[in-house]
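J.: Sending over a structure as C-alpha cells; questions will come in a sec.
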C-alpha cells in the first residue's frame, strides 16, 4: 500500500507540473492535497528519477524565496508525423510539448513506407539533436482507414503502398512502439486540446479538403468503429448522386473522389461548382475565400449551395449522434469561416429537428501534425507515469 500511495502521489505531482508549469512545493501541496512533508518526499523522488528539477525561485512575503520546480523538458521526446502522397512532415517535441524540430521531405520516388518514415524521423532527430533511442512515442497520421485491431492501414487511395504488415515493420525498424492513426482523427485530438472543441466531450469534426472525412468524439474519446471505418462520410449515399460502386468502372474517374457525398463537397467538387458561379481558381480554398470577400448575389448563392451540400452530411450525423458541436476543418471549412458555418447551421435546421452549433476550426496550419504530436505525448507521459 505505501508503494502504491507513493506512485499515486508521484503521478499527481508530475501531471500537475506538466499541465501548469513550474510550481513551488507549497503550491503542489495545495493543488494536490499533499502535506508539505509528502510533497517534499514526492519531489525528491521525481528529482532522483531525473524528471523534475529546480528551475527558479518565487519571492515570498516572508522568509526566504521558495524554490520553483519544473519538469525536465529533455527527460523524454516524441515524434509526430503527417504522411501524405507528396510530402512527409515530422516533428520532434520534448515532454512539455515544445516542438524542437520540424522537417518536411518528399518521398522522391520511394514507395516503401518504412523507408519514407525512417528517413523523416532520422532527419527530424538530427535537426533536434536528439538520439532516436530517446523517443518515447511515435504517432503517424495518414489518410485512409486504420484498423484499430491491428494498427495497420486497411485502405488508403492516396497511399497504396501502406498495407497490412507495415505497422509491425515500422515498429521493428524504429525499435519502439509505433501508432498509425487516421489523419482526421488526429485533427480532432488537436481540436479538443487546443482548438474550437476545447474540453468538449461530444463533438464531430468534418474535414473538407481533397477528400471529405469525419472524426467522432464521444465521452471525450475517439470513436473509431469496429474496423476503423467510423467517419468515412464521403461514402454516404445521397439522393440523386451515383453510388461509389456505380462509378468505379467509369474510365478516368478516381474511385475515392466519386460517388456519395464526396462527389458533392470534395475540394474538386467545390472548384467545379464555384466555376459555375463565376469564381474560377485553382483551389477550393481560393474559390471559397473569393466568394466570402465578394459579397455579391452569385457569391451568396455559391456559399448557400456549398452549405446545403455540407448540411446533408452534418444532418445525417446529427440525427444519429446528436453531438451538439460540429467543427468544420480542412481548406473549405477554414476558408468559409463564419459565413459558411452560419449557413450550415441554418441548412441543417431546415432538414432535421436538430440544430447543432457549427464552428470553424481554430487550429490553423499543420493540424494533423499537431494532433500526432499530442497523441505521442499522451503515450509518452503515460509510460513515464507507469514506470
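The values are calculated or read from the model by the stated rules, or taken from the named source; none is laboratory data. This structure is a prediction, so every number in the text was calculated from the model and none was measured. Cβ placement follows ideal geometry from the backbone for every residue including glycine, while neighbour counts extend to all protein chains displayed.
J.: Test of understanding: among 88, 78, which residue is in contact (Cβ under 8 Å) with a residue 12 or more places away in the chain and either surrounded by fewer than 16 Cβ atoms within 10 Å (Cβ to Cβ) or more than 14 Å from residue 376 (Cβ to Cβ) (or both)?
T.: After applying the criteria, what remains is 88.
J.: Return the total of residues in the range 345-387 being over 18 Å from residue 196 (Cβ atoms) and part of a loop (DSSP other than H, G, I, E, B).
T.: Of the residues in that region, 4 qualify.
J.: Further question on the same structure: Of the residues that sit in the range 179-198 and are in contact (Cβ under 8 Å) with a residue 60 or more places away in the chain and outside any helix (DSSP H, G or I), which one is farthest from residue 357 (Cα to Cα)?
T.: 179
J.: With the requirement that a residue be without any contact (Cβ under 8 Å) to a residue 12 or more places away in the chain and under 23 Å from the mean Cα position of the chain (by Cα), what does the range 106-148 give you?
T.: Of everything in the range 106-148, just one residue is without any contact (Cβ under 8 Å) to a residue 12 or more places away in the chain and under 23 Å from the mean Cα position of the chain (by Cα), namely 122.
J.: How many residues does the range 214-234 contain that are buried (at least 19 other Cβ atoms within 10 Å of the Cβ), within 13 Å of the chain's Cα centre (by Cα) and more than 16 Å from residue 315 (Cα to Cα)?
T.: Going through the range 214-234 one residue at a time, the tally reaches 2.
J.: Does residue 290 fit the bill of being more than 21 Å from residue 370 (Cα to Cα), modelled with pLDDT of 90 or more and in a loop (DSSP other than H, G, I, E, B)?
T.: Judged against the criteria, residue 290 is not a match.
J.: All but one of (1) part of a loop (DSSP other than H, G, I, E, B); (2) more than 17 Å from residue 89 (Cβ to Cβ); (3) outside the structural domain of residue 377 (by TED's automatic domain parsing) hold for residue 217; which doesn't?
T.: So residue 217 meets the others, but not (1).
J.: Separate question: Those residues that are assigned to a loop (DSSP other than H, G, I, E, B) and either within 17 Å of residue 130 (Cβ to Cβ) or not assigned by TED's automatic domain parsing to the domain that holds residue 129 (or both), I need them from the range 94-108; list them, please.
T.: Listed by number, the residues that qualify are 95, 96, 97, 98.
J.: Moving to a separate point now. Out of all the residues in the range 319-329, which are at pLDDT 95 or above and crowded, with 21+ Cβ neighbours inside 10 Å?
T.: 326, 327, 328, 329, listed by residue number.
J.: Same structure again: Just give me the residues in the range 327-344 being part of a helix (DSSP H, G or I) and closer than 13 Å to residue 209 by Cα, in sequence order.
T.: Hits for the range 327-344 are 330, 331, 332, 333, 334, 335, 336.
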